[in-house]
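FYI, it's all coordinate maths here, none of it is from the lab. Please read all numbers here as calculations on a predicted model, not as lab measurements. Cβ coordinates were reconstructed from backbone atoms using ideal geometry, including for glycine residues, and neighbour counts include every protein chain displayed.
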Amino acid sequence: MKIGVVGVGRVGAACALSLVVRGSAREIVLVDRTRARARALATDLRYGAPLCPEVVIRDGDYADLTDADLVMITAGINEKSGGATDRSDREGRLKLLDTNVGVFKDMVPKVVTAAPTAVLLVVTDPPDPLADLVRRLAGHDRVLSTGTLIDSLRLRVHLAERLGVSPTSVEALVVGEHGTSEVMLWSSARVSGVPIAEALQDGNSFADFRKSVERDVRYANITIIEGNEASQFGIGIVSARIAEAVLRDERTVLPIGVYNAKYGVTLSLPSVVGREGVSRILEPAMSDEERQALDQGADVLRQVVQRISQKP
């Protein structure tokens, strides 16, 4: 099993580290516009690799992606360098789109030429509209975005911390855009089957509780960036987990981004993930409020995708 990582800045490096430590693949090829950086990262990881599951790590060029089963695309500007760290700006990660579209138009054809049968996983922000661009450039549907899997995990962690339980006991989903229009499905959130409102300790206001959690989840990336310049390790682990589901043909259900014909755009809903990418999309029960919010988020994504599709 072979994985390529294109772009080895902070996020790409975190993805590579997670792949090595988790034993996600037998071979990992690192590609970057600065070959020396890819070589340095590969060398650094090789020194720790003997303590991890067996893996071959090397730097390379696009041609070295030949026979890759999956390619992670992590290249492009991030929130910090792209000025997407203002909590009051509803555009959020979408501020990065125009710049990263230029990067992807140059890069993706080279990836597809080298690895025409690979599943392509878009990690770069904003991943959903960029996945739509990759789908068009690649000419196939084996294109995924990391979507709202990281957001769903953040929601579970924040709920668990406030309720004093393990995140593994919390069932909670975020759907739609990996961005400011994301939708947290409170109507189906549970702690071992118990609705969140019922799991609150006496005297706590559910409205205040919900507002606090939503704020922390929606702007978790900005909080991390304010202290550490980049949000990288969580998404690195998430990307490795998605890669494993593909390479092992697990057919596990994860809330990740894939093109959805019903909405006419890439967004996240629970999806069956396996060797060919996503084979089936599930749509969970939602309240009227949640359904409306999902539709509005899809409309936002359609508008930005339409805009970038009109650019040469």
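Could you work out which residue, out of V29, V56, V108, moves most in a Gaussian network model of the chain, that is, has the largest mean-square fluctuation with Cα springs under 10 Å?
V56
If you look at just the Cα atoms of segment 191-261, how large are its Rg and its Dmax in Å?
Cα only, segment 191-261: 17.0, 48 Å (Rg, Dmax).
How much of the DSSP bridge set in the chain is antiparallel, in percent, rounded to the nearest 5? Could the numbers behind the result be given before it?
Details: 21 of 41 bridges.
Rounded to the nearest five, the antiparallel share is 50 percent.
Can you sort E283, E244, E27, E182 from fewest to most other Cβ atoms within 10 Å of each residue's own Cβ?
On the way: E283 12, E244 20, E27 15, E182 24.
The order, fewest Cβ neighbours first, is E283, E27, E244, E182.
What residues qualify as long-range amide H neighbours of V258, i.e. H under 5 Å apart, gap of 5 or more or another chain, H built at 1.01 Å from N?
Under 5 Å from the amide H of V258 lie the amide H atoms of S145, L267, L269, each far enough along the sequence or on another chain.
Take the eigenvalues of the Cα gyration tensor for segment 263-304, scale each by 5, and report the square roots as semi-axes in whole Å, largest first. Write down the numbers at each step before the final one.
Numbers: eigenvalues 91, 45, 5 Å².
After diagonalising the Cα gyration tensor, the semi-axes are 21, 15, 5 Å.
Calculate how many DSSP beta bridges within segment 2-147 are antiparallel, expressed in % of all such bridges and rounded to the nearest 5.
Roughly 0 percent of the beta bridges in segment 2-147 run antiparallel, per DSSP.
From the backbone phi of segment 187-192, what are the Karplus-calculated ³J(HN,Hα) couplings (6.51 cos²θ - 1.76 cosθ + 1.60, θ = phi - 60°) in whole Hz, Gly and Pro given as x?
5, 10, 5, 9, 10, 6
Mind checking which lysines have their Cα closer than 30 Å to the Cα of K110? Skip sequence neighbours fewer than 8 apart in that chain.
Qualifying lysines at Cα under 30 Å: K2, K80, K95, K311.
Estimate the FRET efficiency between K110 and S287 by the formula 1/(1 + (r/R0)^6), using the beta-carbon distance for r and 35 Å for R0, to the nearest 0.05.
Numbers: r = 45 Å, r/R0 = 1.27.
Approximately 0.20, to the nearest 0.05.
Ignoring everything except DSSP H segments at least 4 long, calculate the 222 nm mean residue ellipticity for the chain; use -39,500 (n - 2.57) per segment, divide by total residues, nearest 500.
Details: 11 runs with 139 residues, N = 312.
Calculated at 222 nm, the ellipticity per residue is -14000 deg cm²/dmol.
Using Cβ contacts closer than 10 Å as the measure, can you line up I281, I196, I28 from fewest to most? Provide the component values of the computation, followed by the final result.
On the way: I281 18, I196 22, I28 26.
So the ranking, lowest neighbour count to highest, is I281, I196, I28.
Kirkwood Rh over alpha-carbon pairs of segment 215-311, then Stokes-Einstein at 20 °C and 1.002 mPa s: what D in µm² s⁻¹, rounded to an integer?
Numbers: Rh = 15.5 Å.
Calculated translational D: 138 µm²/s.
Hey, what D do you get for the chain in µm²/s if you plug the Kirkwood alpha-carbon radius into Stokes-Einstein at 20 °C and 1.002 mPa s?
Answer from the Stokes-Einstein relation: 109 µm²/s.
Treating the beta-carbon of each Lys and Arg as +1 and of each Asp and Glu as -1, no other charges, what is the dipole magnitude of segment 2-147 about its Cα centre, to the nearest 20 debye? Could you put the intermediate results ahead of the total?
Working: 20 positive and 19 negative charges, 36 e Å.
Using only the charged Cβ atoms, the result is roughly 180 debye.
If each residue's Cβ is checked for other Cβ atoms within 10 Å, how do I57, I222, I256, I235 rank with the fewest at the top? Could the numbers behind the result be given before it?
Details: I57 22, I222 16, I256 30, I235 25.
The order, fewest Cβ neighbours first, is I222, I57, I235, I256.
Over 28 Å apart: what share of the alpha carbon pairs of segment 47-191 falls there, rounded to a whole percent?
The calculated P(r) of segment 47-191 puts 35 percent of pairs beyond 28 Å.
State the extension gain, in nm to one decimal, for the chain segment bounded by Q303 and D89, taking 0.36 nm per residue of separation less the distance between their alpha-carbons.
Details: separation 214, 0.36 × 214 = 77.04 nm, distance 1.73 nm.
Taking 0.36 nm per residue and subtracting the Cα distance, the gain is 75.3 nm.
Pick from F104, F233, F206: which is most flexible by mean-square fluctuation in a GNM of the chain where alpha carbon atoms under 10 Å apart are linked?
With Cα springs under 10 Å in the chain, the top fluctuation among F104, F233, F206 is at F206.
Dipole of the chain (Lys/Arg Cβ +1, Asp/Glu Cβ -1, origin at the Cα centre): which of A118, S192, G274 lies farthest to the positive side?
Checked the options; the winner is A118.
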